[in-house]
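Undergrad: Take this structure first; my questions come after.
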Amino acid sequence: MCSNIVDFKINGCHYKFPIVYGTYNKAINIAHLRENTEFITFDPGLKNTGVTKSSISFIDGEKGILLYRGYPIEQIIKKCSFIETSYLILNGELPNTAQLKHFSEKIKEFNCINQNIYKILDEIPNFCHPMGILSSLTYILTSFTNYLKDEDMYFHLLAKLPILAALTYRKKVGLPPSYPDKNISYVSNLLKMFFYIPNKSYQQNTIITDALDKLLILHADHEQNCSTTTVRLLGSAHADLFSAVSAGISALWGRLHGGANQAVIEMLEVILKSGGNIKKWLDKAKNKKDPFRLMGFGHRIYKNFDPRAKIAKKVAENIVKELNISDPVLELAKNLEEKALQDSYFKEKKLYPNIDFYSGIIYQAIGIPKDMFTVMFALGRLPGWMAHWKEMKLNMDPIVRPRQIYIGNKKRNIQKN
Ligand code: ACO
(Lines give C-alpha, C1' and ligand atoms only; values in the text may rest on other atoms or scores of the structure.)
Protein backbone atom coordinates (compact mmCIF):
# COMPACT_ATOMS: atom_id res chain seq x y z
CA MET A 1 0.00 0.00 0.00
CA CYS A 2 1.27 3.53 -0.84
CA SER A 3 1.97 5.82 2.09
CA ASN A 4 1.09 9.49 1.85
CA ILE A 5 3.87 10.58 4.19
CA VAL A 6 7.65 10.21 4.28
CA ASP A 7 9.48 10.35 7.55
CA PHE A 8 12.90 12.08 7.68
CA LYS A 9 15.27 12.01 10.60
CA ILE A 10 17.32 15.21 10.68
CA ASN A 11 19.79 15.80 13.54
CA GLY A 12 17.96 13.22 15.63
CA CYS A 13 14.48 14.73 15.13
CA HIS A 14 11.72 13.15 13.04
CA TYR A 15 9.89 15.20 10.43
CA LYS A 16 6.97 14.11 8.28
CA PHE A 17 6.54 15.34 4.70
CA PRO A 18 3.54 14.62 2.47
CA ILE A 19 3.94 12.77 -0.82
CA VAL A 20 2.50 14.33 -3.98
CA TYR A 21 1.26 11.73 -6.46
CA GLY A 22 0.98 12.37 -10.20
CA THR A 23 -0.48 10.07 -12.85
CA TYR A 24 2.84 8.24 -13.18
CA ASN A 25 5.32 9.76 -10.74
CA LYS A 26 5.60 11.04 -7.20
CA ALA A 27 7.44 13.69 -5.19
CA ILE A 28 8.16 14.65 -1.60
CA ASN A 29 6.50 17.96 -0.80
CA ILE A 30 9.17 19.97 1.00
CA ALA A 31 7.25 23.28 1.00
CA HIS A 32 7.60 23.52 4.83
CA LEU A 33 11.11 22.04 5.08
CA ARG A 34 12.90 25.29 5.88
CA GLU A 35 10.38 26.63 8.36
CA ASN A 36 10.41 23.32 10.26
CA THR A 37 14.08 22.32 10.04
CA GLU A 38 16.09 25.40 8.91
CA PHE A 39 17.41 23.27 6.02
CA ILE A 40 16.88 23.97 2.34
CA THR A 41 17.47 21.44 -0.44
CA PHE A 42 20.50 21.66 -2.74
CA ASP A 43 19.81 20.54 -6.33
CA PRO A 44 21.97 22.32 -8.97
CA GLY A 45 20.31 22.20 -12.38
CA LEU A 46 17.06 21.21 -10.60
CA LYS A 47 17.78 17.63 -11.61
CA ASN A 48 15.51 16.20 -8.89
CA THR A 49 13.07 19.01 -8.36
CA GLY A 50 9.47 19.13 -9.54
CA VAL A 51 8.56 22.80 -9.83
CA THR A 52 4.86 22.50 -10.64
CA LYS A 53 1.99 20.13 -11.37
CA SER A 54 1.33 19.90 -15.10
CA SER A 55 -0.98 17.97 -17.40
CA ILE A 56 0.46 19.02 -20.78
CA SER A 57 3.12 16.45 -21.62
CA PHE A 58 4.70 13.47 -19.93
CA ILE A 59 8.11 11.88 -20.50
CA ASP A 60 9.21 8.49 -19.22
CA GLY A 61 12.93 8.86 -19.82
CA GLU A 62 13.74 5.30 -18.81
CA LYS A 63 11.28 3.78 -21.28
CA GLY A 64 11.59 6.43 -24.03
CA ILE A 65 7.93 7.49 -23.88
CA LEU A 66 6.52 10.93 -24.73
CA LEU A 67 2.82 11.77 -24.35
CA TYR A 68 1.06 15.01 -25.34
CA ARG A 69 -2.07 15.34 -23.18
CA GLY A 70 -1.96 11.55 -22.79
CA TYR A 71 -1.54 10.69 -26.49
CA PRO A 72 1.70 8.93 -27.54
CA ILE A 73 3.83 11.02 -29.89
CA GLU A 74 3.88 8.11 -32.40
CA GLN A 75 0.05 8.33 -32.75
CA ILE A 76 0.01 12.11 -32.97
CA ILE A 77 2.60 12.07 -35.78
CA LYS A 78 0.48 9.62 -37.77
CA LYS A 79 -2.95 11.14 -37.17
CA CYS A 80 -2.67 14.88 -36.48
CA SER A 81 -1.41 18.04 -38.15
CA PHE A 82 0.75 20.60 -36.35
CA ILE A 83 -2.20 22.94 -36.01
CA GLU A 84 -4.38 20.20 -34.45
CA THR A 85 -1.49 19.38 -32.12
CA SER A 86 -1.21 23.06 -31.15
CA TYR A 87 -4.91 23.09 -30.31
CA LEU A 88 -4.51 19.89 -28.28
CA ILE A 89 -1.55 21.23 -26.35
CA LEU A 90 -3.17 24.58 -25.63
CA ASN A 91 -6.68 23.33 -24.84
CA GLY A 92 -6.23 19.78 -23.53
CA GLU A 93 -8.35 17.94 -26.13
CA LEU A 94 -8.15 17.39 -29.88
CA PRO A 95 -10.43 19.77 -31.81
CA ASN A 96 -13.55 18.68 -33.69
CA THR A 97 -13.99 20.02 -37.24
CA ALA A 98 -15.75 23.23 -36.17
CA GLN A 99 -13.23 23.93 -33.39
CA LEU A 100 -10.31 23.39 -35.76
CA LYS A 101 -11.86 25.71 -38.35
CA HIS A 102 -12.43 28.42 -35.74
CA PHE A 103 -8.87 28.02 -34.38
CA SER A 104 -7.32 28.28 -37.88
CA GLU A 105 -9.52 31.27 -38.81
CA LYS A 106 -8.58 33.12 -35.61
CA ILE A 107 -4.87 32.65 -36.39
CA LYS A 108 -5.45 34.00 -39.91
CA GLU A 109 -7.27 37.02 -38.45
CA PHE A 110 -3.99 38.16 -36.80
CA ASN A 111 -1.77 37.21 -39.73
CA CYS A 112 -0.08 40.58 -40.14
CA ILE A 113 2.42 42.76 -38.33
CA ASN A 114 2.74 46.51 -37.95
CA GLN A 115 4.60 48.13 -40.89
CA ASN A 116 7.04 49.77 -38.44
CA ILE A 117 8.39 46.33 -37.46
CA TYR A 118 9.71 46.00 -41.03
CA LYS A 119 11.59 49.29 -40.49
CA ILE A 120 13.08 48.01 -37.21
CA LEU A 121 14.21 44.84 -38.98
CA ASP A 122 15.91 46.98 -41.64
CA GLU A 123 18.10 48.57 -38.97
CA ILE A 124 19.36 45.23 -37.60
CA PRO A 125 22.79 44.34 -39.04
CA ASN A 126 22.89 41.34 -41.35
CA PHE A 127 25.53 39.52 -39.31
CA CYS A 128 23.14 39.08 -36.35
CA HIS A 129 22.15 35.51 -35.57
CA PRO A 130 18.49 34.79 -36.57
CA MET A 131 17.67 33.68 -33.01
CA GLY A 132 18.79 37.06 -31.67
CA ILE A 133 16.63 38.76 -34.31
CA LEU A 134 13.60 36.53 -33.60
CA SER A 135 13.86 37.09 -29.86
CA SER A 136 14.18 40.89 -30.34
CA LEU A 137 11.28 41.12 -32.78
CA THR A 138 9.06 39.00 -30.53
CA TYR A 139 9.84 41.33 -27.66
CA ILE A 140 9.12 44.34 -29.92
CA LEU A 141 5.55 42.99 -30.28
CA THR A 142 4.96 44.24 -26.71
CA SER A 143 5.24 47.79 -28.07
CA PHE A 144 2.76 47.25 -30.88
CA THR A 145 -0.03 45.31 -29.22
CA ASN A 146 -1.06 46.69 -25.88
CA TYR A 147 -3.60 45.30 -23.41
CA LEU A 148 -4.52 42.10 -25.23
CA LYS A 149 -6.59 39.36 -23.63
CA ASP A 150 -4.51 36.20 -23.07
CA GLU A 151 -6.78 34.29 -25.45
CA ASP A 152 -5.95 36.76 -28.26
CA MET A 153 -2.24 36.72 -27.45
CA TYR A 154 -2.07 33.00 -28.27
CA PHE A 155 -3.53 33.65 -31.72
CA HIS A 156 -1.32 36.70 -32.26
CA LEU A 157 1.80 34.67 -31.49
CA LEU A 158 0.79 31.66 -33.59
CA ALA A 159 0.13 34.05 -36.48
CA LYS A 160 3.04 36.43 -36.06
CA LEU A 161 6.01 34.22 -35.12
CA PRO A 162 6.08 32.55 -38.58
CA ILE A 163 5.98 36.02 -40.21
CA LEU A 164 8.91 37.20 -38.07
CA ALA A 165 10.84 33.98 -38.79
CA ALA A 166 10.27 34.30 -42.55
CA LEU A 167 11.27 37.99 -42.52
CA THR A 168 14.46 37.11 -40.64
CA TYR A 169 15.32 34.46 -43.24
CA ARG A 170 14.50 36.70 -46.19
CA LYS A 171 16.60 39.56 -44.84
CA LYS A 172 19.53 37.16 -44.46
CA VAL A 173 19.30 35.92 -48.06
CA GLY A 174 18.44 39.32 -49.56
CA LEU A 175 14.82 38.65 -50.50
CA PRO A 176 12.10 41.33 -50.14
CA PRO A 177 9.52 40.80 -47.36
CA SER A 178 6.73 38.36 -48.14
CA TYR A 179 3.17 38.42 -46.84
CA PRO A 180 0.94 35.62 -45.49
CA ASP A 181 -1.42 33.71 -47.76
CA LYS A 182 -4.76 33.15 -46.01
CA ASN A 183 -5.90 30.48 -48.45
CA ILE A 184 -3.42 27.75 -47.58
CA SER A 185 -2.61 25.71 -44.48
CA TYR A 186 -0.49 26.98 -41.58
CA VAL A 187 2.65 25.06 -42.60
CA SER A 188 2.18 25.70 -46.36
CA ASN A 189 1.87 29.40 -45.58
CA LEU A 190 5.01 29.26 -43.45
CA LEU A 191 7.00 27.67 -46.27
CA LYS A 192 5.59 30.06 -48.85
CA MET A 193 6.50 33.07 -46.72
CA PHE A 194 10.07 31.73 -46.55
CA PHE A 195 10.67 30.71 -50.14
CA TYR A 196 8.36 32.77 -52.34
CA ILE A 197 10.29 34.67 -55.03
CA PRO A 198 8.37 37.63 -56.56
CA ASN A 199 9.17 36.95 -60.23
CA LYS A 200 8.62 33.19 -60.01
CA SER A 201 5.47 31.17 -59.46
CA TYR A 202 5.53 29.37 -56.11
CA GLN A 203 5.01 25.59 -56.19
CA GLN A 204 4.06 23.78 -53.00
CA ASN A 205 5.80 20.48 -52.41
CA THR A 206 3.75 18.11 -50.25
CA ILE A 207 6.80 16.04 -49.26
CA ILE A 208 8.42 19.16 -47.80
CA THR A 209 5.21 20.43 -46.19
CA ASP A 210 4.59 17.05 -44.59
CA ALA A 211 8.17 16.74 -43.29
CA LEU A 212 8.08 20.23 -41.74
CA ASP A 213 4.63 19.62 -40.24
CA LYS A 214 6.00 16.49 -38.54
CA LEU A 215 9.10 18.23 -37.27
CA LEU A 216 7.02 21.04 -35.75
CA ILE A 217 4.83 18.43 -34.01
CA LEU A 218 7.91 16.71 -32.59
CA HIS A 219 8.99 20.00 -31.02
CA ALA A 220 5.57 21.13 -29.77
CA ASP A 221 6.10 20.46 -26.06
CA HIS A 222 8.55 18.72 -23.76
CA GLU A 223 7.47 19.45 -20.20
CA GLN A 224 9.82 21.54 -18.00
CA ASN A 225 12.76 21.98 -20.40
CA CYS A 226 15.06 25.00 -20.10
CA SER A 227 13.17 27.37 -22.44
CA THR A 228 9.74 26.39 -21.10
CA THR A 229 11.00 26.90 -17.56
CA THR A 230 12.22 30.33 -18.68
CA VAL A 231 8.76 31.20 -20.03
CA ARG A 232 7.14 30.01 -16.78
CA LEU A 233 9.70 31.90 -14.70
CA LEU A 234 8.83 35.19 -16.39
CA GLY A 235 5.14 34.39 -16.20
CA SER A 236 5.42 33.73 -12.48
CA ALA A 237 6.40 37.40 -12.06
CA HIS A 238 3.33 38.35 -14.15
CA ALA A 239 5.43 39.60 -17.08
CA ASP A 240 3.49 39.61 -20.35
CA LEU A 241 3.40 36.64 -22.73
CA PHE A 242 5.35 38.30 -25.59
CA SER A 243 8.24 39.11 -23.20
CA ALA A 244 8.13 35.59 -21.78
CA VAL A 245 8.19 33.94 -25.23
CA SER A 246 11.01 36.28 -26.28
CA ALA A 247 13.00 35.09 -23.24
CA GLY A 248 12.10 31.47 -24.07
CA ILE A 249 13.54 31.97 -27.57
CA SER A 250 16.78 33.28 -26.03
CA ALA A 251 17.04 30.26 -23.73
CA LEU A 252 16.35 27.90 -26.63
CA TRP A 253 19.21 29.46 -28.61
CA GLY A 254 21.81 27.94 -26.24
CA ARG A 255 23.88 25.10 -27.74
CA LEU A 256 23.07 22.72 -24.90
CA HIS A 257 19.36 23.19 -25.64
CA GLY A 258 17.73 24.01 -29.02
CA GLY A 259 20.93 25.46 -30.47
CA ALA A 260 22.22 21.89 -30.59
CA ASN A 261 20.45 21.34 -33.95
CA GLN A 262 22.79 23.84 -35.65
CA ALA A 263 25.77 22.51 -33.67
CA VAL A 264 25.06 18.92 -34.81
CA ILE A 265 25.23 19.71 -38.52
CA GLU A 266 28.31 21.89 -38.02
CA MET A 267 29.94 19.02 -36.11
CA LEU A 268 29.00 16.43 -38.77
CA GLU A 269 30.39 18.66 -41.52
CA VAL A 270 33.67 19.12 -39.64
CA ILE A 271 33.93 15.35 -39.12
CA LEU A 272 33.29 14.76 -42.84
CA LYS A 273 35.83 17.40 -43.92
CA SER A 274 38.46 15.98 -41.60
CA GLY A 275 38.19 12.55 -43.25
CA GLY A 276 35.22 11.01 -41.39
CA ASN A 277 37.24 9.20 -38.72
CA ILE A 278 34.38 8.42 -36.30
CA LYS A 279 36.57 6.70 -33.71
CA LYS A 280 38.74 9.82 -33.35
CA TRP A 281 35.69 12.00 -32.64
CA LEU A 282 34.15 9.52 -30.22
CA ASP A 283 37.47 9.46 -28.35
CA LYS A 284 37.42 13.27 -28.20
CA ALA A 285 33.86 13.19 -26.78
CA LYS A 286 34.94 10.69 -24.12
CA ASN A 287 38.07 12.61 -23.10
CA LYS A 288 37.24 14.61 -19.95
CA LYS A 289 40.09 17.06 -20.70
CA ASP A 290 38.58 17.87 -24.11
CA PRO A 291 35.55 20.23 -24.05
CA PHE A 292 34.13 18.53 -27.17
CA ARG A 293 30.80 16.74 -26.69
CA LEU A 294 28.96 14.66 -29.23
CA MET A 295 26.27 17.15 -30.14
CA GLY A 296 22.78 15.69 -30.51
CA PHE A 297 23.60 12.99 -27.96
CA GLY A 298 22.44 12.79 -24.36
CA HIS A 299 19.45 14.20 -22.59
CA ARG A 300 18.59 15.25 -19.05
CA ILE A 301 15.50 13.03 -18.95
CA TYR A 302 15.90 10.35 -21.65
CA LYS A 303 18.14 7.51 -20.51
CA ASN A 304 16.85 5.48 -23.43
CA PHE A 305 16.01 6.38 -27.07
CA ASP A 306 14.41 9.79 -27.46
CA PRO A 307 11.19 8.75 -29.28
CA ARG A 308 11.33 12.02 -31.24
CA ALA A 309 14.79 11.14 -32.56
CA LYS A 310 13.51 7.79 -33.86
CA ILE A 311 10.71 9.55 -35.78
CA ALA A 312 13.02 12.35 -36.99
CA LYS A 313 15.46 9.73 -38.34
CA LYS A 314 12.66 8.14 -40.41
CA VAL A 315 11.46 11.55 -41.66
CA ALA A 316 15.08 12.43 -42.61
CA GLU A 317 15.54 9.16 -44.52
CA ASN A 318 12.20 9.64 -46.28
CA ILE A 319 12.71 13.25 -47.38
CA VAL A 320 16.24 12.58 -48.63
CA LYS A 321 14.93 9.58 -50.63
CA GLU A 322 11.79 11.31 -51.97
CA LEU A 323 13.66 14.43 -53.02
CA ASN A 324 16.43 12.30 -54.50
CA ILE A 325 19.13 13.98 -52.46
CA SER A 326 22.44 12.26 -51.93
CA ASP A 327 23.39 13.41 -48.44
CA PRO A 328 26.75 12.21 -47.09
CA VAL A 329 25.90 13.94 -43.78
CA LEU A 330 22.90 11.60 -43.27
CA GLU A 331 25.10 8.58 -43.96
CA LEU A 332 27.72 9.87 -41.51
CA ALA A 333 25.05 10.57 -38.87
CA LYS A 334 23.72 6.99 -39.16
CA ASN A 335 27.25 5.57 -38.88
CA LEU A 336 28.09 7.79 -35.94
CA GLU A 337 24.89 6.81 -34.15
CA GLU A 338 25.61 3.11 -34.69
CA LYS A 339 29.20 3.37 -33.43
CA ALA A 340 28.28 5.53 -30.42
CA LEU A 341 25.51 3.14 -29.38
CA GLN A 342 28.03 0.26 -29.39
CA ASP A 343 30.58 2.21 -27.35
CA SER A 344 30.84 1.37 -23.65
CA TYR A 345 31.14 5.08 -22.61
CA PHE A 346 27.84 5.99 -24.28
CA LYS A 347 26.20 2.74 -23.09
CA GLU A 348 27.23 3.25 -19.46
CA LYS A 349 26.16 6.89 -19.40
CA LYS A 350 22.97 6.01 -21.29
CA LEU A 351 23.63 8.59 -24.01
CA TYR A 352 21.30 8.19 -26.98
CA PRO A 353 20.62 10.47 -29.98
CA ASN A 354 18.18 13.25 -29.14
CA ILE A 355 15.74 15.13 -31.42
CA ASP A 356 18.48 17.48 -32.59
CA PHE A 357 20.63 14.69 -34.02
CA TYR A 358 18.49 14.23 -37.15
CA SER A 359 16.39 17.41 -37.37
CA GLY A 360 19.10 19.46 -39.12
CA ILE A 361 19.27 16.95 -41.97
CA ILE A 362 15.55 17.49 -42.58
CA TYR A 363 15.87 21.30 -42.43
CA GLN A 364 18.74 21.18 -44.91
CA ALA A 365 16.71 19.03 -47.30
CA ILE A 366 13.90 21.61 -47.06
CA GLY A 367 16.39 24.38 -47.94
CA ILE A 368 16.61 26.06 -44.55
CA PRO A 369 20.09 27.37 -43.72
CA LYS A 370 21.93 26.16 -40.61
CA ASP A 371 21.60 29.35 -38.60
CA MET A 372 17.80 29.20 -39.05
CA PHE A 373 17.43 25.66 -37.60
CA THR A 374 16.78 26.83 -34.04
CA VAL A 375 14.28 29.39 -35.33
CA MET A 376 12.27 26.46 -36.75
CA PHE A 377 12.50 24.72 -33.38
CA ALA A 378 11.07 27.89 -31.75
CA LEU A 379 8.11 27.85 -34.15
CA GLY A 380 7.41 24.26 -33.14
CA ARG A 381 7.83 24.87 -29.40
CA LEU A 382 5.51 27.90 -29.35
CA PRO A 383 2.29 25.98 -28.46
CA GLY A 384 4.09 24.32 -25.55
CA TRP A 385 5.42 27.60 -24.19
CA MET A 386 1.94 29.14 -24.38
CA ALA A 387 0.21 26.13 -22.82
CA HIS A 388 2.60 26.21 -19.87
CA TRP A 389 1.97 29.93 -19.49
CA LYS A 390 -1.77 29.32 -19.52
CA GLU A 391 -1.53 26.43 -17.06
CA MET A 392 0.70 28.40 -14.71
CA LYS A 393 -1.87 31.20 -14.57
CA LEU A 394 -4.76 28.79 -14.01
CA ASN A 395 -2.81 27.00 -11.25
CA MET A 396 -1.96 30.40 -9.75
CA ASP A 397 1.64 29.22 -9.32
CA PRO A 398 3.67 31.47 -6.98
CA ILE A 399 6.53 33.64 -8.21
CA VAL A 400 9.63 31.50 -8.83
CA ARG A 401 12.32 32.55 -6.39
CA PRO A 402 14.83 29.80 -5.52
CA ARG A 403 17.18 29.81 -2.56
CA GLN A 404 20.98 29.45 -2.63
CA ILE A 405 23.83 28.28 -0.45
CA TYR A 406 25.85 31.43 0.16
CA ILE A 407 29.62 30.78 0.05
CA GLY A 408 30.88 34.40 -0.02
CA ASN A 409 32.58 36.44 2.69
CA LYS A 410 31.18 36.62 6.20
CA LYS A 411 29.86 40.03 7.22
CA ARG A 412 32.80 42.46 7.33
CA ASN A 413 33.48 46.22 7.53
CA ILE A 414 34.96 48.46 4.83
CA GLN A 415 38.52 49.41 5.95
CA LYS A 416 38.51 52.94 4.54
CA ASN A 417 38.24 56.33 6.25
N1 ACO B 1 29.00 13.74 -25.33
C2 ACO B 1 29.88 13.23 -24.43
N3 ACO B 1 29.61 13.06 -23.13
C4 ACO B 1 28.40 13.42 -22.69
C5 ACO B 1 27.44 13.96 -23.57
C6 ACO B 1 27.77 14.11 -24.93
N7 ACO B 1 26.89 14.60 -25.79
N8 ACO B 1 26.31 14.24 -22.86
C9 ACO B 1 26.58 13.90 -21.59
N10 ACO B 1 27.82 13.40 -21.48
C11 ACO B 1 28.47 12.88 -20.27
C12 ACO B 1 28.89 14.02 -19.36
O13 ACO B 1 30.22 14.41 -19.62
C14 ACO B 1 28.71 13.42 -17.98
O15 ACO B 1 29.81 12.59 -17.74
P16 ACO B 1 30.35 12.39 -16.21
O17 ACO B 1 29.23 11.73 -15.46
O18 ACO B 1 31.54 11.51 -16.38
O19 ACO B 1 30.68 13.75 -15.70
C20 ACO B 1 27.48 12.52 -18.14
O21 ACO B 1 27.45 12.16 -19.54
C22 ACO B 1 26.17 13.19 -17.76
O23 ACO B 1 26.07 14.39 -18.50
P24 ACO B 1 25.51 15.76 -17.90
O25 ACO B 1 26.03 16.89 -18.70
O26 ACO B 1 25.76 15.78 -16.41
O27 ACO B 1 23.94 15.56 -18.14
P28 ACO B 1 22.89 16.70 -18.16
O29 ACO B 1 21.58 16.05 -17.94
O30 ACO B 1 23.29 17.80 -17.24
O31 ACO B 1 23.00 17.29 -19.67
C32 ACO B 1 22.76 17.54 -22.00
C33 ACO B 1 22.20 16.88 -20.72
C34 ACO B 1 23.00 19.04 -21.78
C35 ACO B 1 21.73 17.38 -23.11
C36 ACO B 1 24.07 16.81 -22.39
O37 ACO B 1 23.81 15.45 -22.65
C38 ACO B 1 24.75 17.46 -23.59
O39 ACO B 1 25.51 18.42 -23.43
N40 ACO B 1 24.46 16.96 -24.85
C41 ACO B 1 24.99 17.59 -26.05
C42 ACO B 1 24.15 18.81 -26.41
C43 ACO B 1 22.79 18.44 -26.96
O44 ACO B 1 22.65 17.57 -27.81
N45 ACO B 1 21.76 19.16 -26.49
C46 ACO B 1 20.38 18.98 -26.94
C47 ACO B 1 19.54 18.36 -25.87
S48 ACO B 1 17.89 18.08 -26.46
C49 ACO B 1 17.19 19.58 -26.40
O50 ACO B 1 17.47 20.44 -25.62
C51 ACO B 1 16.19 19.86 -27.42
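The values are calculated or read from the model by the stated rules, or taken from the named source; none is laboratory data. Computed from a prediction, not measured in an experiment: that's the story for all the values here. Quick reminder, even Gly has a Cβ in these numbers, built from the backbone with ideal geometry, and neighbours come from all protein chains shown. All accessible areas refer to the heavy atoms of the entire protein, side chains included, with ligands and DNA or RNA removed. Shrake-Rupley method; radii C 1.70, N 1.55, O 1.52, S 1.80 Å.
Undergrad: With a 1.4 Å probe and every protein chain left in place, work out the accessible area per residue of region 76-187 in Å², rounded to a whole number.
TA: Per-residue value: 48 Å².
Undergrad: Turning to a different aspect of this structure: What is the Cα centroid distance between region 338-375 and region 159-217, reported in whole angstrom?
TA: 25
Undergrad: Please list, by residue number, every one of the trypsin sites (Lys or Arg not before Pro) in region 277-309 that is coil in DSSP and has at most 11 other beta-carbon atoms within 10 Å. List each step's numbers first, then the result.
TA: On the way: sites: Lys279, Lys280, Lys284, Lys286, Lys288, Lys289, Arg293, Arg300, Lys303, Arg308; in loops: Lys288, Lys289, Arg293, Arg300, Lys303.
When the trypsin sites (Lys or Arg not before Pro) of region 277-309 are filtered for loop state and at most 11 Cβ neighbours within 10 Å, Lys288, Lys289 remain.
Undergrad: How many percent of the accessible area of region 245-400 is carbon or sulfur, using a 1.4 Å probe? Before the final figure, lay out each step's value.
TA: Numbers: 3640 of 6830 Å².
Carbon and sulfur atoms account for 53 percent of the accessible area of region 245-400.
Undergrad: Select from Leu256, Gly70, Thr41 the residue farthest towards the positive end of the dipole of the chain; place +1 on Cβ of Lys and Arg, -1 on Cβ of Asp and Glu, and compute about the Cα centre.
TA: Thr41
Undergrad: Please work out how much length the chain gains when fully extended from Lys26 to Leu272, using 0.36 nm per residue of separation minus the C-alpha to C-alpha distance, in nm with one decimal.
TA: 84.0 nm
Undergrad: Of the heavy-atom accessible surface of region 157-206 (probe 1.4 angstrom), what whole percent is carbon and sulfur? Please report the intermediate quantities before stating the final value.
TA: Values: 1170 of 2260 Å².
Summing carbon and sulfur atoms, their accessible area is 52 percent of the total for region 157-206.
Undergrad: In addition: Give the angle, between 0 and 90 degrees and rounded to the nearest 10, that separates the Cα long axis of helix 328-342 from the longest principal axis of the Cα atoms of the chain.
TA: The two axes meet at around 20 degrees.
Undergrad: Also: Between Lys78 and Val173, 0.36 nm times their residue separation minus their Cα-Cα distance comes to what?
TA: This chain segment gains 30.8 nm when fully extended.
Undergrad: Another one. Using the Cα centre as the reference, give the magnitude of the dipole from point charges on the C-beta atoms of the chain (Lys, Arg: +1; Asp, Glu: -1; all else neutral), rounded to the nearest 20 debye. If you can, show how the numbers build up before the last one.
TA: On the way: 55 positive and 39 negative charges, 255 e Å.
My answer is approximately 1220 debye.
Undergrad: Can I ask one more? Can you tell me, using C-alpha contacts under 8 Å and at least 6 residues apart, the relative contact order of the chain as a whole percent? All intermediate terms of the calculation are to be shown ahead of the outcome.
TA: On the way: 519 pairs, mean separation 85.8, N = 417.
It rounds to 21 percent for the chain.
Undergrad: Would you work out which of Ala378, Pro307, Gln415 lies farthest towards the positive end of the dipole of region 303-417? Charges go on Cβ: Lys and Arg +1, Asp and Glu -1.
TA: Gln415
Undergrad: Looking at region 72-162, which chymotrypsin sites (Phe, Trp or Tyr not before Pro) are DSSP coil and have at most 13 other C-beta atoms within 10 Å of their C-beta?
TA: For chymotrypsin sites (Phe, Trp or Tyr not before Pro) across region 72-162 that sit outside H, G, I, E and B with at most 13 neighbouring Cβ atoms in 10 Å, the list reads Phe127, Tyr147.
Undergrad: If the chain between Asp283 and Lys410 were fully stretched, how many nm would it gain, using 0.36 nm times the residue separation less the Cα-Cα distance? Could you put the intermediate results ahead of the total?
TA: Working: separation 127, 0.36 × 127 = 45.72 nm, distance 4.44 nm.
Here the answer is 41.3 nm.
Undergrad: What's the ranking of 348-361, 47-60 by average number of surrounding C-beta atoms within 10 Å, highest first?
TA: So the order, starting with the most tightly packed, is 348-361, 47-60.
Undergrad: To continue, here is another question. Give the Cα extents of region 13-138 along the principal axes, in whole Å, largest first.
TA: Result, largest extent first: 66, 42, 26 Å.
Undergrad: Here's a follow-up. What is the distance, in nm, between label points placed 7 Å from the Cα along the Cα-to-Cβ direction at Tyr118 and at Asn36?
TA: Here the modelled spin labels are 6.2 nm apart.
Undergrad: A further question follows. When the Cα centres of region 296-324 and region 236-257 are compared, how far apart do they sit, in Å?
TA: 25
Undergrad: So what are the ³J(HN,Hα) numbers for region 124-141, from phi and the Karplus equation (6.51, -1.76, 1.60; θ = phi - 60°), rounded to whole Hz, Gly and Pro as x?
TA: These are the phi-based 3J(HN,Hα) values: 7, x, 5, 7, 5, 6, x, 6, x, 5, 4, 5, 5, 5, 5, 5, 4, 4 Hz.
Undergrad: Could you check the simple spin-label distance between Asn11 and Tyr147, using points 7 Å along Cα→Cβ, in nm with one decimal?
TA: 5.4
Undergrad: Can you flag which of Lys160/Lys390; Lys106/Lys393; Lys101/Lys192; Lys79/Lys286 are past 29 Å Cα-Cα?
TA: Lys79/Lys286
Undergrad: If each of Asn304 and Lys347 carries a label point 7 Å out from its Cα toward its Cβ, how far apart are those two points in nm?
TA: 1.8
Undergrad: Got a sec to turn the phi values of region 381-398 into Karplus ³J(HN,Hα) couplings, 6.51 cos²θ - 1.76 cosθ + 1.60 with θ = phi - 60°, whole Hz, x for Gly and Pro?
TA: 6, 3, x, x, 4, 5, 5, 5, 4, 5, 5, 4, 5, 5, 6, 6, 4, x
Undergrad: Further question: Based on the Cβ-Cβ distance from Lys339 to Ile19, what FRET efficiency comes out when R0 is 45 Å, to the nearest 0.05?
TA: For Lys339 and Ile19, the calculated efficiency is 0.55.
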